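Asks: I have a structure I would like to understand better, so I am pasting it below and will then ask my questions one at a time.
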Amino acid sequence: MDIKTQTRDGKQVNVTHDVHVVVRRPAEVDEMSQPRCPPLQVHIELPPSDQCRPVVEHLHKIGEIIWLGATRDGRFRLSVNTTAGDIETMWTNLKNVAVVREKETENEEMEEEEEPVDDSSWHLVPLPSKVLHKWLSSQVLQNYVIIGIVPHYCLVAYVYVGDRQHGGIITYYMPSRNVSFD
């Protein structure tokens, strides 16, 4: 795979990655299924990684769990709870991205009724600070990242590589830690 993109400084970068491909028989492919995950409650465009990375590095030194939170009205926060107090960094006016989820069965369509959702309510997910720090540290060329949150379950990150029309998307799944938010 060969991807041509630009850094934030405008420098041209050529990323070459050898991808291991396994060709499967049609019968094997028919037996496979996509991983199941509850519906994502919020999708938001992340601030640039050069803004998030230093905050996560600082919070990683303070606590083992970093709470990510987002609202549908464009707020995003990173926080950590300690015995000495809580530390929180918040971004506002971020783009809430509407993502259309395909319905898999007719039963799901009948069960799912539109409830009014408060756009200002927080959707929180606790993640191990080590996992989040490692993931953000590896994101050098990212230009555009959208995250989706299932509260107390997982975070799904969509990293767009190259330009949005002709590039690719790398999807990361980060499971939640089972802790309570005080």
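Readers should treat all values here as calculations from the given coordinates under stated rules, not as data from a laboratory. Just so you know, these numbers come straight off a predicted model, no measurement behind them. Neighbour counts are summed over all protein chains in view; Cβ atoms, including those assigned to glycine, are modelled from backbone coordinates with ideal geometry.
Asks: Points 7 angstrom from Cα along the Cβ direction at K11 and D50: gap in nanometres?
Replies: Once both label points are built, they end up 1.1 nm from each other.
Asks: Follow-up. Return the Rg/Rh value of segment 1-64, two decimal places, where both radii are evaluated on C-alpha atoms and Rh is the Kirkwood radius.
Replies: For segment 1-64, the value is 1.13.
Asks: Okay, next question. Give the long-range amide H neighbours of R177: residues separated by 5 or more places, or on another chain, with amide H under 5 Å away, using H modelled in the peptide plane at 1.01 Å from N.
Replies: L127
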